[in-house]
Amino acid sequence: MLLHGPVRVAKDARPGPATMIVTLPETSAFRSFPTTLPVVIE
Amino acid sequence: MHLILPVPCCAVLLWSALGAQQPAEAKSTPAAPTPIDFTKVDRTAPKLPTTTHATYGIYLFGDQGQHRVWVVLDAPAAGEPPRTLYFDHDGDGDLTEPGECYAGKPNDKTPTNIEFPLGDLREPGGQVIHKECKITWTPKIGVRFKMLWRGSKVTFGGYGPAHDTYAAFAETPAKAPVFVPGWDRPFEFERWIADPLRRGQDSEFKVFVGNRGDRVGTFAAVDDKFLPEGEYAIATLHYTDASGKPAHAQFDLRERC
């Protein structure tokens with residue numbers, strides 16, 4: 001399964017490595033471990 | 001986009017009864033799973049019959065990943081398709097036992113892929129049975145697995161951010177990739193297509209839902225029908241702004257495929 005959606009990075013963000021932390025919301029019927037994924041901002 | 005099917009209440013109750021993912025109110029139970037420390041996985045070499053060119057993988061079962069299962073492919077030579085698969089059903093590391101050896105067969109549509117149908121699989125150390133288990137060796141996208149977890153919903157892998165990252169088995173037990181199939185544990189995420197995010201523009205951010213393995217390319221996913229309609233993920237971007245200060249922005253990932 002892929003969950004997806006649009007992500008808009010602020011114009012004043014500094015280019016380079018950053019991190020995205022993904023989790024299920026507290027309202028979810030399921031549990032999750034927050035997962036840190038590396039991203040690159042251009 | 002696949003059809004999204006709502007999950008009946010009776011199915012949710014059944015999952016709970018089977019010990020699978022629990023509702024949110026059960027989060028603080030003492031036995032709640034914790035992230036797996038893959039450095040502690042026992043990599044003692046399995047006992048094997050005589051092999052020609054063995055490659056190794058590990059599958060972890062149990063809600064703490066406590067049951068290690070060796071899976072070994074044997075090929076006539078390096079780079080050639082495997083002919084035999086050994087699956088350590090009882091998790092004792094002895095692959096010479098009856099019923100743990102399977103012959104491969106070419107996939108009907110893609111004969112370069114070699115399939116090893118395992119049928120029903122009883123987890124070591126328990127009564128949990130998974131159905132229609134199959135492991136497939138491929139020349140380009142690693143070693144694939146697929147099964148009906150607890151006979152109910154599909155889990156498959158291993159995945160990574162791109163096809164060329166999908167994990168192949170390793171030449172030695174010490175380097176064997178570790179996969180964690182199923183949906184008994186709290187979900188984790190893996191990115192799909194790791195393109196850069198562009199400032200001031202929308203970028204589509206996609207994640208697999210399932211269990212992380214010990215490295216990129218070992219992610220075990222659930223399928224698009226697993227989560228009931230309305231479930232979504234939250235992605236929080238942590239970055240540095242132009243002045244050098246830490247900043248963050250939050251996004252909902254509500255689409256699915």
Test: residue in the stretch B:185-197 that is among the aromatic types (Phe, Trp, Tyr) and touching a Pro at 6+ places or on another chain (Cβ under 7 Å)
yes
Criterion (facing another protein chain (nearest Cβ under 8 Å), over 11 Å from A:LEU3 (Cβ atoms) and not small (Gly, Ala, Ser)) met by exactly one of B:ASP223, B:ASP214
B:ASP223
Looking at the structure I just gave you, is B:THR236 in contact with a His (Cβ under 7 Å, 6 or more places away or on another chain), open to solvent by less than 30 Å² (accessible area, probe 1.4 Å) and polar (S, T, N, Q)?
yes
Residues satisfying the stated conditions in the stretch B:99-114, i.e. surrounded by 14 or more Cβ atoms within 10 Å (Cβ to Cβ) and under 18 Å from B:HIS89 (Cα atoms):
B:GLU100, B:CYS101, B:TYR102, B:GLY104
What's the number of the condition B:GLY93 fails, among (1) closer than 18 Å to B:THR55 by Cβ; (2) surrounded by 14 or more Cβ atoms within 10 Å (Cβ to Cβ); (3) free of Cβ contacts under 8 Å to residues at least 40 places away in the same chain; (4) of a type in the set (Gly, Ala, Ser)?
(3)
Please determine whether any residue of the stretch B:200-209 is within 12 Å of the chain's Cα centre (by Cα) and either among the acidic types (Asp, Glu) or surrounded by 18 or more Cβ atoms within 10 Å (Cβ to Cβ) (or both).
yes
Selection from the stretch B:129-158 of residues among the aromatic types (Phe, Trp, Tyr), over 16 Å from B:ALA170 (Cβ atoms) and open to solvent by less than 40 Å² (accessible area, probe 1.4 Å) yields B:TRP149
Mind listing whichever residues of the stretch A:6-28 are over 12 Å from the mean Cα position of the chain (by Cα) and buried (at least 18 other Cβ atoms within 10 Å of the Cβ)?
A:ALA13, A:SER28
Hey, does the stretch B:152-165 have a residue that's in a loop (DSSP other than H, G, I, E, B) and charged (D, E, K, R)?
no
Is one or more of the residues making up the stretch B:169-186 surrounded by 21 or more Cβ atoms within 10 Å (Cβ to Cβ) and facing chain A (nearest Cβ under 7 Å)?
yes
Filter the stretch B:36-47 down to residues that are open to solvent by 40 Å² or more (accessible area, probe 1.4 Å) and in contact with a strand residue (DSSP E or B) (Cβ under 8 Å, 6 or more places away or on another chain) and give me whichever is nearest to B:GLU188 (Cα to Cα).
B:PHE38
Which one of these does B:GLY125 not meet: (1) modelled with pLDDT of 95 or more; (2) open to solvent by 50 Å² or more (accessible area, probe 1.4 Å); (3) closer than 26 Å to B:THR44 by Cβ?
(1)
Just give me the residues in the stretch B:96-125 being farther than 16 Å from B:LYS146 by Cα and among the acidic types (Asp, Glu), in sequence order.
B:GLU97, B:GLU100, B:ASP108
Can B:ASP164 be described as more than 21 Å from B:TYR102 (Cα to Cα) and either more than 14 Å from chain A (Cβ to nearest Cβ) or over 14 Å from the mean Cα position of the chain (by Cα) (or both)?
yes
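The values are calculated or read from the model by the stated rules, or taken from the named source; none is laboratory data. As the structure is a prediction and not an experimental result, all values here were calculated from the model. Don't worry about glycine lacking a Cβ; one is built from the backbone with ideal geometry, like all the others, and counts go over all protein chains shown. To get the accessible areas, we keep the full protein, side chains included, count just its heavy atoms, and leave off ligands, DNA and RNA. Shrake-Rupley method; radii C 1.70, N 1.55, O 1.52, S 1.80 Å.
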